[in-house]
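The structure appears right after this line, and notes come after that.
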Amino acid sequence: MKRHLISAADLSRDDAVLILDTAEELARLADRPIKKLPTLRGRTVVNLFFEDSTRTRISFEAAAKRLSADVINFSAKGSSVSKGESLKDTALTLEAMGADAVVIRHHASGAPHRLATSGWINGAVVNAGDGTHEHPTQALLDAFTMRRHLSGEGPGVGQDLAGRRITIVGDVLHSRVARSNVHLLATLGAEVTLVAPPTLVPFGVESWPCEISYDLDAVIGKTDAVMMLRVQRERMNAAFFPTEREYARRYGLDGDRMARMPEHAIVMHPGPMNRGMEITAEVADSDRCTAVEQVANGVSIRMAVLYLLLGGNESAVAADRTEESK
Ligand code: NCD
């Protein structure tokens, strides 16, 4: 595995499967009364958030704490960034604090890459979402969730997604989740179809390893998972569709459309959801929707990523047993 996790495209099939299998092992911890492992004791993880986040931020925090790392949470609001401090000076400050890993979310695509290659810090860099570019740990937790539901032989280590049909629907243009998912799912052998209005399809998508469709009804009957994307109003600088009603009618998932999915197929959403826009409340609250489960799985995935980047090379849980027996 590389030293940093910047893009889902950096993961080989073996890397991705190692992360998913490690997360599966670590997930078992969630069933224990005491959820903590001593694995990263004495290590420092900094969560550097320049953009709003609920799920990703608390998930990385919970993951680092469950591995006994010291966690420093930094958010741009209320810090010297609002006084105009640069990414470089912020990074040098973190380095002075001895950060072993820096988890960064930034509104600029490419900021995590800059941090990883600048020489400003020595620790591992994890991209927690950069602009409209990538969000690799989201793609990993999504694959983990799909593997648990769709692998045929039941959940567990070593299952794969080869040949599974995944449909990703909505605001692909502004979505770092879609790009990371397309890369990772292709690596894992799944067949991905993107469905979006023509105005919300990114430039250059022909080179992505997936199919494109403009008609949700044409693909919904032959899919194993439908991933609904949030319409990202905060990144829109123009009118990309006529009205919200029109968008919901053509690209939203409601009860009638969901009923046309194969019986085993699941509905996914990375959150936050715009209920009534890309997904109706009926679908969001149905037992086919895995949105809440995805959040829980995110903690296991982020534990696995931190564990592996910070030098874990034996079984994460076995390492814990050795510590216990000392
Ligand atoms: C996504 C993000 O921030 O990119 N959410 C998340 O990480 N759970 C998707 C979104 O904001 O719509």
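The values are calculated or read from the model by the stated rules, or taken from the named source; none is laboratory data. These numbers come from a predicted model, not from an experiment. A quick note on method: Cβ atoms are made from the backbone with ideal geometry, for glycine too, and the neighbour counts reach across all protein chains shown. Heavy atoms of the whole protein, side chains included, go into the accessibility calculation; ligands, DNA and RNA do not. Shrake-Rupley method; radii C 1.70, N 1.55, O 1.52, S 1.80 Å.
Numerical summary
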quantity	calculated
Enumeration of residues in the range 187-212 that are over 19 Å from the mean Cα position of the chain (by Cα), open to solvent by 20 Å² or more (accessible area, probe 1.4 Å) and touching a residue at least 12 places away in the same chain (Cβ under 8 Å)	198, 199, 201, 211, 212
Test for residue 161: is it within 28 Å of residue 262 (Cα to Cα), at pLDDT below 95 and open to solvent by less than 10 Å² (accessible area, probe 1.4 Å)	yes
Filter pass, residue 171 being in a loop (DSSP other than H, G, I, E, B) and either in the same structural domain as residue 55 (by TED's automatic domain parsing) or crowded, with 19+ Cβ neighbours inside 10 Å (or both)	yes
Top-ranked residue in the range 276-287 [being surrounded by 16 or more Cβ atoms within 10 Å (Cβ to Cβ) and not in a helix (DSSP H, G or I); ranked as nearest to the ligand (Cβ to nearest atom)]	278
Condition check for residue 178: modelled with pLDDT of 95 or more, within 16 Å of the ligand (Cβ to nearest atom) and in contact with a strand residue (DSSP E or B) (Cβ under 6 Å, 6 or more places away or on another chain)	yes
Residue list for the range 1-44, restricted to those being under 18 Å from the mean Cα position of the chain (by Cα), over 21 Å from residue 128 (Cβ atoms) and either in a helix (DSSP H, G or I) or among the acidic types (Asp, Glu) (or both)	13, 17, 21, 24
Residues of the range 213-230 classified as open to solvent by 30 Å² or more (accessible area, probe 1.4 Å) and among the aliphatic types (A, V, I, L, M), total	1
Answer from 185, 161 - the residue that is part of a loop (DSSP other than H, G, I, E, B), more than 16 Å from the ligand (Cβ to nearest atom) and not assigned by TED's automatic domain parsing to the domain that holds residue 25	161
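One line per residue, one yes/no per condition, for (1) within 16 Å of the ligand (Cβ to nearest atom); (2) at pLDDT below 90:
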{"residue": "23", "(1), (2)": "no, no"}
{"residue": "51", "(1), (2)": "yes, no"}
{"residue": "60", "(1), (2)": "yes, no"}
{"residue": "65", "(1), (2)": "no, no"}
{"residue": "74", "(1), (2)": "no, yes"}
{"residue": "78", "(1), (2)": "no, yes"}
{"residue": "82", "(1), (2)": "no, yes"}
